[in-house]
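A.B. asks: A single structure is presented below for examination.
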Amino acid sequence: MSSSRKLMMMERDRDEDEIEILHPDGSYSTSYNPYAITDYYGEKVHTIHLNGMSRKLLKFLILFDNTSLLYFPGQFLSGRVLLELQDETPALGLHFHVVGEGVVRSKSVRQERVYDKESYIDFRMKLLGDVDQGSLSVLSPGIHSFPFKLGLPHGLPSTFLGRYGWIQYYCKAALREPSGLIHKNHQVFIVMNPIDLRLELGLASPFKCQIKHKLGVACFDYGTIECNIVLDRAAYVPGENILVSGTVANRSSIACKMSRAVLIETIQYFARGKVIKVEKRELAVKTRPKIRPHSIDEWIEEPLFVPPLPPTNLAGCHLMKIDYDVFFIVTPKSFEKEIKLQIPITLGTYPFDHQSNDTGSEFPESILKPETYYPSNLPIIRPWMHEMKSDPFH
């Protein structure tokens, strides 16, 4: 058997052939053609159309009216699907699907797959063609625009991307031709579920914490180290500084290598109601040098910058939980263990001094200020998104 015949038989055994295209605007599209064979060489894709059809689709885009791609729960998601055709094109339908999902994926100690998923949005509509899928539409050459609009449910959790799980929102469009050719496209959008700190005035007061730690053992008393730490408040928004003040009194005969304040993000991942993974990330750190024996080191409003982060707890999600803490750590010399103070903080969306009275009508300054950057493109293509093939999107 010739090599070309082997290639054709191999390709015919495939369930589908897809041309994967990453557009300059960050959207992702694929084309499926049962009459084409596809060879994959690394990242390059070579497609031979057995039926001799030329590619008619010049553009296939999902465009949102809100160009920032950032939405709050309860707002309207609106935009249009834009097609540009080179030739007259028959179409069975243009399908549109809005997806919001939380996914946790990991492996157990025995390398067994651990997986859980929950759905927040699963909305489908047909932008072209009848619901019964029996009609045929003929699209003329040129540009065609198909508008869409739907209200996002209240209580959606914020977009999040972690090591073992994520919350993602995206739209999918699929144009089906009578020949069996299916053009597909994906476009991500971001949801931010706000926490209004103006409703949590108890968190606006300074937060104090202290510890007195004895060095040595019963037979060898080296003295004590006392830490008194104060945060300017207990809640912040991205773009603000956590101001750390306090004193470290080294009343021992052992020097301390350093003292430091660290902003830590702790993510718990759940599957089937159990914690399967815990991820800790160091987000910001401020360090002060050596503290000599019988001396005092003073912290005066040392800043810890809060980077762009999702709000505390990921309200509405049952698969992931996020907590933020400021750890104050003193490291003595010798074999003494570190002295740690853990101070929980809340991360919100609207700061205490935000002036707007309508949280649903505009974005808070903490999101829009230049130094606070929220990415407009997040990874949305996962291998298992192509495992099911029961509808036009798979």
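A.B. asks: Which condition number in (1) open to solvent by less than 40 Å² (accessible area, probe 1.4 Å); (2) modelled with pLDDT of 90 or more is the one that Gly216 fails?
C.D. replies: (2)
A.B. asks: Can you pull out every residue in region 242-266 that is closer than 30 Å to Pro351 by Cα and among the hydrophobic types (A, V, I, L, M, F, W, C)?
C.D. replies: Residues satisfying the conditions are Ile242, Leu243, Val244, Ala261, Val262, Leu263, Ile264.
A.B. asks: Condition check: over 32 Å from the mean Cα position of the chain (by Cα), modelled with pLDDT under 90 and surrounded by 13 or more Cβ atoms within 10 Å (Cβ to Cβ). Does Lys56 satisfy that?
C.D. replies: Judged against the criteria, Lys56 is a match.
A.B. asks: Scanning region 61-78 for residues that are within 20 Å of Pro194 (Cα to Cα) and of a type in the set (A, V, I, L, M, F, W, C), which turns out surrounded by the fewest Cβ atoms within 10 Å (Cβ to Cβ)?
C.D. replies: The qualifying residue surrounded by the fewest Cβ atoms within 10 Å (Cβ to Cβ) is Phe76.
A.B. asks: Quick one: would you say Pro293 is farther than 30 Å from Phe335 by Cα and either polar (S, T, N, Q) or in contact with a Ser or Thr (Cβ under 6 Å, 6 or more places away or on another chain) (or both)?
C.D. replies: no
A.B. asks: Could I ask something else about it? Limited to region 298-330, what total is found for residues that are part of a strand (DSSP E or B) and crowded, with 19+ Cβ neighbours inside 10 Å?
C.D. replies: Residues meeting the conditions: 8.
A.B. asks: Which of the residues that make up region 115-167 are open to solvent by 50 Å² or more (accessible area, probe 1.4 Å), part of a strand (DSSP E or B), of a type in the set (Ser, Thr, Tyr) and more than 20 Å from Gly79 (Cβ to Cβ)?
C.D. replies: Tyr115, Ser119
A.B. asks: Further, regarding this structure: Take the conditions within 23 Å of the chain's Cα centre (by Cα), in a loop (DSSP other than H, G, I, E, B) and at pLDDT 55 or above and apply them to Gly360. Does it pass?
C.D. replies: Against the criterion (within 23 Å of the chain's Cα centre (by Cα), in a loop (DSSP other than H, G, I, E, B) and at pLDDT 55 or above), Gly360 does not qualify.
A.B. asks: Can you tell me which residue within region 198-209, out of those that are at pLDDT below 90 and part of a helix (DSSP H, G or I), is least open to solvent (accessible area, probe 1.4 Å)?
C.D. replies: Arg198
A.B. asks: Now for a different question. Please indicate, with yes or no, whether at least one residue in region 216-230 is closer than 30 Å to Tyr115 by Cβ and over 18 Å from the mean Cα position of the chain (by Cα).
C.D. replies: no
A.B. asks: Related question: In region 239-280, what count of residues is obtained for those that are in contact (Cβ under 8 Å) with a residue 60 or more places away in the chain, open to solvent by less than 10 Å² (accessible area, probe 1.4 Å) and under 17 Å from Pro308 (Cα atoms)?
C.D. replies: Residues in region 239-280 being in contact (Cβ under 8 Å) with a residue 60 or more places away in the chain, open to solvent by less than 10 Å² (accessible area, probe 1.4 Å) and under 17 Å from Pro308 (Cα atoms): 4 in total.
A.B. asks: Out of (1) under 32 Å from the mean Cα position of the chain (by Cα); (2) open to solvent by 60 Å² or more (accessible area, probe 1.4 Å); (3) farther than 24 Å from Glu279 by Cβ; (4) touching a residue at least 24 places away in the same chain (Cβ under 8 Å), the odd one out for Gln187 is which?
C.D. replies: Every listed condition holds for Gln187 apart from (2).
A.B. asks: Got a number for residues in region 331-346 being more than 30 Å from Leu197 (Cβ to Cβ), crowded, with 17+ Cβ neighbours inside 10 Å and hydrophobic (A, V, I, L, M, F, W, C)?
C.D. replies: 1
A.B. asks: In region 79-114, which residues are exposed (fewer than 15 other Cβ atoms within 10 Å of the Cβ) and in contact with an Asp or Glu (Cβ under 7 Å, 6 or more places away or on another chain)?
C.D. replies: Within region 79-114, just Pro90 meets the criteria.
A.B. asks: Let me ask you something else. Mind checking whether some residue in region 174-182 is open to solvent by 20 Å² or more (accessible area, probe 1.4 Å), farther than 30 Å from Gly74 by Cβ and not in a loop (DSSP other than H, G, I, E, B)?
C.D. replies: Yes.
The values are calculated or read from the model by the stated rules, or taken from the named source; none is laboratory data. The structure presented is a predicted model; accordingly, all values stated were derived computationally and were not measured. Note: ideal-geometry Cβ built from the backbone for every residue, glycine included; neighbour counts use all protein chains shown. Just so you know, the surface numbers come from the protein's heavy atoms only, side chains and all, with ligands and any DNA or RNA stripped out. Shrake-Rupley method; radii C 1.70, N 1.55, O 1.52, S 1.80 Å.
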